[in-house]
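Dropping a structure here in structure tokens format, bear with me for questions.
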Amino acid sequence: MMNKYFEYRKHKTNFRTEVIAGVTTFLTMAYIMFLNPFILSGEFAGTEKGFFDFGGVYTATIVATAIACFIMAFAGKTWPVGLAPGMGINAFVAFGVVGGMGYTPAEALAAVLLSGILFLLISLTPIRAWIINSIPKSLKFGIGAGIGLFLAIIGLEIMGVVADHPVTLVTLGNIKSPIVLLGCLAFVTMIVLEKLNAGFWSRANIIIGILFFSLLAWLPMWDWTGATIEGGSSLAKFNGILSAPPSMSYLFDAVEGFSTGKVFTASGLTVIFTLFFIDFFDTAGTLTSVANVAGKVDSKGRVKDIDKAMLSDSVGTVAGALMGTTTVTSYVESGAGVKAGGRTGMTSLVIGILFLMCLFFAPLATSLPKEIDGAALLYVAVLFVRNITDIEWDDIAESAPAIVAMIAMPLTYSISNGIALAFVSYALIKIFTGKFSKTSPAIWVIAILSVVSFIVA
């Protein structure tokens, strides 16, 4: 049945290869089941501080990931792509929207839901291609790198490597702390494992780094005499491995979030636009990257069946918001599965099934030291930033707005501010260099909306 549906022979693959590809991609993106609830809970701050509930997000992350992968498997059946809540977007929602703007989780999820619906509607129209082709390459890469730097400063802060300072704003943290050192070693290990290109160990480098150094943190501490410190206390508390899945605390709360009307204010529209922008271009970039590896790009540079994949991605975002988690998007880590031979939606189906099998590991997720989670976040930040090389550095009119985005996001602690300032500066540069008529109308629309958002904020 699966053979007939996914047409293995047509795509020069088979069931075994697709399963291996699915397992491969799962290992590269499994970290999200730990990092997403960690970030949305506000470093375990808990609901009393306005952040999301860790357990509720853990279950929602896995269920939403599985649903999105199943949608991609059967609706976009020629795409061997894994989907899950996107990194960067979750940090924006947690620290920018909930923590910074005072939105409740329900209100934030309402914004996510609307951005997903907008993505869905645009995916059904020719506007999709127009938007993709309108945004300059340097801006796209600059915004991506800015998100990476935003994640980096959050990760370094969580690790304890960076601390706040009343005069200099930031300073070096307590790097002599054993748990901080473990976090630093976890980060280095993730990098080394990838660099070694050692098959399984490289593909699962993030999850290996998280689990190995967490294990060290759970072990009793000993001094040089052989006696346990503080009666054998460890650097982190181990809460167990298996339990019943936590209830999805925010199931359909996105609908309830509309009742306050906050998402329909100027700030709400800014949030919706930011979520849409990040998801739309992240998805387009990811799918194009995967398509190149999978041989889905024709002689004219067009990506085959990208409309089906983007439609599946947008539906995944809508489903994820209703489950109680932030924007679900296609993962660039899917390229690992494609390199392993994945060519059909069967790969996505396997990814979804494997995530569902992890529903019962919530105690393990809560046991992970925040410093180790921070190390994983810093590693992901590196992946975002390394595309900086694709910016048109020889043209200062193109590179300067990209740099503005990169600097503004971490320093204003806001992805939306970085995007807005980048587009405004880009538009102004084009006006004063006589390139007004040669600039896409999409740039002017976004720049004007950005200015309005600053005025009414």
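The values are calculated or read from the model by the stated rules, or taken from the named source; none is laboratory data. All of these numbers come straight from a predicted model, not from anything done at the bench. Here the Cβ positions follow ideal geometry from the backbone for every residue, glycine too, while neighbour counts run over all protein chains shown.
Which one of these is touching an Asp or Glu at 6+ places or on another chain (Cβ under 7 Å), surrounded by 19 or more Cβ atoms within 10 Å (Cβ to Cβ) and touching a residue at least 24 places away in the same chain (Cβ under 8 Å): Phe51, Phe34, Phe70?
Phe34 is the lone residue from the list that is touching an Asp or Glu at 6+ places or on another chain (Cβ under 7 Å), surrounded by 19 or more Cβ atoms within 10 Å (Cβ to Cβ) and touching a residue at least 24 places away in the same chain (Cβ under 8 Å).
Does Ser450 meet the test of being within 25 Å of the chain's Cα centre (by Cα) and closer than 18 Å to Ser138 by Cβ?
Yes; evaluated as a whole, the condition is true for this residue.
Name the pairs: first residue in segment 366-384 and on the phi > 0 side of the Ramachandran plot and in a loop (DSSP other than H, G, I, E, B), second residue surrounded by fewer than 24 Cβ atoms within 10 Å (Cβ to Cβ) and basic (Lys, Arg), Cβ to Cβ under 8 Å, at least 6 apart or on different chains?
Every condition considered, no pair remains.
Hey, another quick one. Might you check whether a residue that is surrounded by fewer than 16 Cβ atoms within 10 Å (Cβ to Cβ), out of contact with any helix residue (DSSP H, G or I) (no Cβ under 6 Å at 6 or more places or on another chain) and either in a helix (DSSP H, G or I) or not hydrophobic (A, V, I, L, M, F, W, C) (or both) occurs anywhere in segment 420-430? I'd like the intermediate steps shown before the answer.
The initial filter retains those residues of segment 420-430 that are surrounded by fewer than 16 Cβ atoms within 10 Å (Cβ to Cβ), namely 428.
This time we only want the ones that are out of contact with any helix residue (DSSP H, G or I) (no Cβ under 6 Å at 6 or more places or on another chain), so: 428.
Filter once more, keeping what is either in a helix (DSSP H, G or I) or not hydrophobic (A, V, I, L, M, F, W, C) (or both): 428.
Yes: one or more hits.
Still on this structure: Select from segment 268-293 the residues that are closer than 27 Å to Ala254 by Cα and either surrounded by fewer than 22 Cβ atoms within 10 Å (Cβ to Cβ) or of a type in the set (Gly, Ala, Ser) (or both) and list them in ascending order.
First, pick out the residues of segment 268-293 that are closer than 27 Å to Ala254 by Cα: 268-284, 286.
Hits for segment 268-293 are Gly268, Leu269, Ile272, Phe273, Phe277, Phe281, Ala284.
In segment 301-320, which residues are outside any helix (DSSP H, G or I) and of a type in the set (Lys, Arg)?
Of everything in segment 301-320, those that are outside any helix (DSSP H, G or I) and of a type in the set (Lys, Arg) turn out to be Arg302, Lys304.
Right, here's the next one. What is the residue count in segment 324-377 for residues that are in contact with a strand residue (DSSP E or B) (Cβ under 7 Å, 6 or more places away or on another chain) and within 18 Å of Arg203 (Cα to Cα)?
From segment 324-377, those in contact with a strand residue (DSSP E or B) (Cβ under 7 Å, 6 or more places away or on another chain) are 325-331; that's our starting set.
When the remaining residues are screened for being within 18 Å of Arg203 (Cα to Cα), the result is 330-331.
Matching residues across segment 324-377 total 2.
Answer yes or no: is there a residue in segment 315-325 that is touching a Cys at 6+ places or on another chain (Cβ under 9 Å) and small (Gly, Ala, Ser).
Initial filter on segment 315-325 (touching a Cys at 6+ places or on another chain (Cβ under 9 Å)): 316.
From what's left, small (Gly, Ala, Ser): 316.
Among the residues of segment 315-325, at least one is touching a Cys at 6+ places or on another chain (Cβ under 9 Å) and small (Gly, Ala, Ser), which makes the answer yes.
How many of the residues making up segment 121-151 are touching a Leu at 6+ places or on another chain (Cβ under 9 Å) and either closer than 12 Å to Met310 by Cβ or surrounded by fewer than 21 Cβ atoms within 10 Å (Cβ to Cβ) (or both)?
Matching residues across segment 121-151 total 3.
On the given criteria, is Ala108 modelled with pLDDT of 95 or more, buried (at least 21 other Cβ atoms within 10 Å of the Cβ) and within 27 Å of Leu149 (Cα to Cα)?
On the way: modelled with pLDDT of 95 or more: yes; buried (at least 21 other Cβ atoms within 10 Å of the Cβ): yes; within 27 Å of Leu149 (Cα to Cα): yes.
Answer is yes for this residue.
Of all residues being β-branched (Val, Ile, Thr) and more than 18 Å from Leu40 (Cβ to Cβ) in segment 329-366, which is modelled with the lowest pLDDT? Just the residue, please. Break it down stepwise before answering.
Step one: of segment 329-366, the residues β-branched (Val, Ile, Thr) are 329, 332, 338, 344, 347, 350-351, 353, 366.
Checking which are more than 18 Å from Leu40 (Cβ to Cβ) leaves us with 332, 338, 344, 347, 350-351, 353.
Numbers: Val332: 87, Val338: 92, Thr344: 93, Thr347: 96, Val350: 97, Ile351: 98, Ile353: 97.
Among those residues, the one meeting the criterion is Val332.
OK, next. For segment 40-50, indicate whether the set of residues that are modelled with pLDDT of 90 or more, under 28 Å from Met159 (Cα atoms) and out of contact with any strand residue (DSSP E or B) (no Cβ under 9 Å at 6 or more places or on another chain) is non-empty. Outline the logic, then answer.
Filtering segment 40-50 for residues modelled with pLDDT of 90 or more gives 40-41.
Going one step further and asking which of them are under 28 Å from Met159 (Cα atoms), we end up with 40-41.
Now restrict to residues that are out of contact with any strand residue (DSSP E or B) (no Cβ under 9 Å at 6 or more places or on another chain): 41.
Checked segment 40-50: at least one residue is modelled with pLDDT of 90 or more, under 28 Å from Met159 (Cα atoms) and out of contact with any strand residue (DSSP E or B) (no Cβ under 9 Å at 6 or more places or on another chain).
Tell me the helices (runs of 4 or more DSSP H) entirely within segment 177-224 that contain at least 3 residues that are touching a Leu at 6+ places or on another chain (Cβ under 8 Å) and surrounded by 17 or more Cβ atoms within 10 Å (Cβ to Cβ). Spell out the reasoning first.
Values: elements: 178-196, 200-203, 205-218.
Per the criteria, 178-196, 205-218.
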